[in-house]
1. Name the residues in the range 26-40 that are at pLDDT 70 or above, open to solvent by 100 Å² or more (accessible area, probe 1.4 Å) and part of a loop (DSSP other than H, G, I, E, B), would you?
2. Listed residues 6, 23; which is over 10 Å from the mean Cα position of the chain (by Cα), of a type outside the set (Ser, Thr, Tyr) and modelled with pLDDT of 85 or more?
3. Consider only pairs whose beta carbons are under 6 Å apart and that are at least six residues apart or on different chains; among these, list those whose first residue lies in the range 1-25 and is loosely packed, with under 10 Cβ neighbours inside 10 Å and whose second residue is at pLDDT 70 or above.
Amino acid sequence: MVEPHDEAGAIAAGETALIVRRDGKLFYALPEANALLRSI
């Protein structure tokens, strides 16, 4: 399960994410590039 730090960083169900960092038990992820080009 992915939980954003704030609602602006939410990744929708079915979207893929790239894990970019691990800090203990926390993993930080970014939505894949295709998701950045979607309409809002």
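The values are calculated or read from the model by the stated rules, or taken from the named source; none is laboratory data. For clarity, every value in this text was computed on a predicted model and none was experimentally measured. FYI the Cβ positions are ideal-geometry reconstructions off the backbone, even for glycines, and counts take in every protein chain you see. Side chains included, ligands, DNA and RNA excluded: accessible areas come from the protein's heavy atoms. Shrake-Rupley method; radii C 1.70, N 1.55, O 1.52, S 1.80 Å.
1. Result: no residue meets the conditions.
2. Matching residue, one of 6, 23: 23.
3. Correct list of pairs: 20/28; 20/30; 21/28.
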